[in-house]
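To keep things clear, I will list the structure first and then write my remarks on it.
The values are calculated or read from the model by the stated rules, or taken from the named source; none is laboratory data. Since the model is a prediction, treat every value here as computed from it, not as a measurement. Glycine gets a Cβ as well: all are built from the backbone with ideal geometry, and neighbour counts include every protein chain shown. Areas reflect the complete protein model, heavy atoms only, side chains present, ligands, DNA and RNA absent. Shrake-Rupley method; radii C 1.70, N 1.55, O 1.52, S 1.80 Å.
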Amino acid sequence: MAHSLASKYRSGIRDTPHPDALNPPNGAILHESLPYPYYDVTTDSWLPINTTLVADSGSYRNAAGSFRARFSAGGSGAPLLSLGRDGEPSLAVTIPGASVPAPIVGTAVITYPAALGAASLVYRSETWGIKEEIVISAAGAPASYDLHISALDLTADRQSDGGYLLRNASGTALWRVPAPVGSDEVVVKAVYDDQFSDYYSAAMKGGLCLGMASTVADFYADGGPAPAAYGGTTSVRSIPDLAPAQDFIQTYHGRQVSSQVLNWMANQGRMGVQAYYNHLVANIGGPTWHADPEIIGILKGAGCDDVEIGHALLPYKLVPVAGNRARVYVYDSNYPPTSDADAANRYIELDLTSGSWSYELAPANATHSAVIWTGTSLFSTPLHLITQKPVQPTSSGLDIVALEGGHSHAFGGLNVAFGGHSHAFGTDTETDTHTGCVVPESGPQTPTFAQEVSRSMRITPLTGGNTSTFPDALLFPAGRATAFTGVGAREGGIGDTMVFGPRGLMGYMTLAGASTRDVISTDAAFLRASLSTTDPSKPASFYQMHETDNWTRVYALNNTSIDATAPLVTEVSSDLGSLTVINTGHARRYDLGLGHYGSDGVGQAIFPVQLIGANERRVYTPMLWSNVAHST
């Protein structure tokens, strides 16, 4: 199968059924993504997934998981990669007509340098499967490469979306080859998928409460699926905990980071206690609710240091109680209802006087007191937003998602960042309003959580876990001038932020210290980026990416500097054909990187030691982007 190129191109095979994007991440090679941990039939026990690559019988494999991935140690004869599980047909990936180079093996990453000539192959072992990347290392690289996937005893069934289902002799679909294999992919979406894969792995570790609550809601909704379709009889409780049900749950669980769900939760889905009570009085138990039930999300904490990953529940009854209170009885995937009696089941208690709620997340036992969450906001999401085909935020045209420490979390990042136990904030510069953990420019550097910008939110996944493992993230509306500020530094002294917008990406990497205050700003069109700092002059890399349906272009300033006296500005033309560098401060230098990756060709080049004077503006317009090294 030929792989069209981006600077990093993903291909993959995934276990069925995963019918659309966002679950699991694009480019995953997946098999039976079981909730964490996984069941080991050889020991008849539940064991933790271990993504570490270990040497075994002259090759490398993942240490522990619900399937086995085996990587070549180099040479000829054995496949580059084989995937399988006991008792099922296996898959093999080979490089036609070529020997496999000796790999570079990391903890959970194995790289085959120059395996495809001008490109290297990188495989990453994740909790949910294996991700493949083709990484271009030279300008003028070929526009496609061949990797062969063999699947003995399986039949390939072409799908309408361009992918394949691989079925065994009885017709059961065991694997799915998604459409990106053999088709064009652009880079911004792929980079965002990297971040989503971090979320997906965190969600698998934390739990699947949103997926389970949504699945139960779908089975009980008018017109929902029948339990018999998933191996059950007449009740949801009768459905066995096997692959079909697990895939159904995981599919719904992953959709909480779709544009539709995030925007709903940032707007009408976020309610105070009185508003939510009024909403339930008007709707729960009615025909609209039966056709489209709602899942409730709760978060512990509302500040900058006390937020934990949230939990999702399915409300089914509202009961007023004494003291101007009400109880919302809920299905909790951790504690399924056991009785028709209210006292035996679980509920969120609403205090209508104080405007607060409380929920016993875990009961007391002989060694621990009860775990009780409290808060003032609730997040209600109708089922139809979870069952519909998801739209990625980078493709919606509506959203900006900022990720602090976004470069695969390899470089530390600013510790005063977006969400969880970190702090940072975004600003709508047109209205001077903020969302995130705002740190004042002067006085005590105590962060205060704010949520002032319309249609914005701090993204916190609903997984039912007890630790915050989601990449630090903020959702903002597109079409506005915005700025994202990071303060301080984690261990390692590196700051980096990615800002995803409509069909584009902006980002930087630089040094950071305890008093650092770095700001990346964008215009409403998401074409002009500005980077500033309060630090003395320090090194930085600063870049933009923009894409169409057919290609992606990269515009980067590497090995340059920023300082406290003036921001560094880059602006891409509306036709994406030119880059303007605007230096508002003293003279500086940079290595200019330009790249074009698409179906019409691949071109990339570094132009070292470009000089720009004080208060100077320079415009770069390649005549032929697909051969940029010889046309600038």
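Scan the range 67-83 residue by residue and report those that are touching a residue at least 12 places away in the same chain (Cβ under 8 Å) and either part of a loop (DSSP other than H, G, I, E, B) or at positive phi (or both). I'd like the intermediate steps shown before the answer.
We begin by selecting, within the range 67-83, every residue touching a residue at least 12 places away in the same chain (Cβ under 8 Å); these are 67-76, 78-83.
If the condition is that a residue be touching a residue at least 12 places away in the same chain (Cβ under 8 Å) and either part of a loop (DSSP other than H, G, I, E, B) or at positive phi (or both), then Phe67, Ala73, Gly74, Gly75, Ser76, Ala78, Pro79, Leu80 are the ones that fit.
Those residues that are surrounded by fewer than 16 Cβ atoms within 10 Å (Cβ to Cβ) and closer than 19 Å to Ala312 by Cα, I need them from the range 267-278; list them, please.
Asn267, Gln268, Gly272, Ala275
Annotation: of all residues in the range 304-341 being modelled with pLDDT under 75 and open to solvent by less than 20 Å² (accessible area, probe 1.4 Å), the one that is nearest to Phe219 (Cα to Cα) is Ile309. Scanning the range 505-512 finds one or more residues that are open to solvent by less than 30 Å² (accessible area, probe 1.4 Å), within 18 Å of Gly595 (Cβ to Cβ), among the hydroxyl-bearing types (Ser, Thr, Tyr) and modelled with pLDDT of 90 or more.
Residues in the range 191-237 that are open to solvent by less than 40 Å² (accessible area, probe 1.4 Å), modelled with pLDDT of 80 or more and not in a loop (DSSP other than H, G, I, E, B): Cys209, Leu210, Gly211, Ala213, Ser214, Thr215, Val216, Ala217, Asp218, Phe219, Pro227.
The single condition among (1) surrounded by fewer than 15 Cβ atoms within 10 Å (Cβ to Cβ); (2) modelled with pLDDT under 90 that Thr288 does not meet is (2). Scanning the range 580-602 for residues that are over 18 Å from Lys538 (Cα atoms) and touching a Pro at 6+ places or on another chain (Cβ under 9 Å) yields Leu594, His596, Val602. Taking the criterion of being assigned to a helix (DSSP H, G or I) and either hydroxyl-bearing (Ser, Thr, Tyr) or at pLDDT below 95 (or both), the residues of the range 265-280 that qualify are Met265, Ala266, Tyr276, Tyr277. Would you mention how many residues in the range 513-527 are over 11 Å from Thr482 (Cα atoms), assigned to a strand (DSSP E or B) and either open to solvent by 30 Å² or more (accessible area, probe 1.4 Å) or among the polar types (S, T, N, Q) (or both)? The total comes to 1.
If you scan the range 541-555, which residues turn out to be closer than 19 Å to Leu579 by Cβ and open to solvent by 10 Å² or more (accessible area, probe 1.4 Å)? Answer for the range 541-555, where residues must be closer than 19 Å to Leu579 by Cβ and open to solvent by 10 Å² or more (accessible area, probe 1.4 Å): Ser541, Tyr543, Met545, Glu547, Thr548, Trp551, Arg553, Val554.
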